[in-house]
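To keep things clear, I will list the structure first and then write my remarks on it.
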Amino acid sequence: MSYDISDEELEEIKRRKLLEYQRRLAEEERRRQLEKELEARKRALLRRILTPKALERLYNVKLIRPDLASYVEDQLIALAQSGRIPLPIDDDTLKRILVEIYSQTRRDFKIRIKEK
């Protein structure tokens, strides 16, 4: 079985592959840019919602439990935008919120060893 591909066909295949690769790169760059913009908006909202000390605490939580911090951020933004929570949220209030959410999401693991 032999494949006879002309130089023109080979160049066309290369050109299409290059265009597809460039399109994917541009798409990825747009996605990254959107994520950066959303993150900047989120940080700006959190600066208005939280006191500086509470914001620092939330960033510290984000270092250890990014999933929990992201959930709390989203919930705080939603509560603040709907007016269901008094602003600004201080450090003590944030601590209570974190404890409550942590107690709801914490999983206890038990290991049982059965002897035969």
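What follows is calculated from the coordinates using simple rules that are stated; it is not laboratory data. A quick note: this is a predicted structure, and the numbers were derived from the prediction, not measured. Backbone-built Cβ (ideal geometry, glycine too); neighbour counts: all protein chains shown.
Where in the stretch 1-88 are there trypsin sites (Lys or Arg not before Pro) that are in a DSSP coil and have at most 11 other Cβ atoms within 10 angstrom of their Cβ? Sites meeting the loop and neighbour criteria: 84. Just checking the listed ones, 13, 49, 101: in the Gaussian network model of the chain with Cα springs under 10 Å, the one fluctuating most is 13. Here the Karplus relation 6.51 cos²θ - 1.76 cosθ + 1.60, evaluated at θ = phi - 60°, turns the backbone of the stretch 38-50 into coupling constants of 4, 5, 5, 4, 4, 4, 5, 5, 5, 5, 7, 7, 10 Hz, with x for every Gly and Pro.
Applying both filters, DSSP loop and at most 12 other Cβ atoms within 10 Å, to the chymotrypsin sites (Phe, Trp or Tyr not before Pro) of the stretch 1-82 gives 3.
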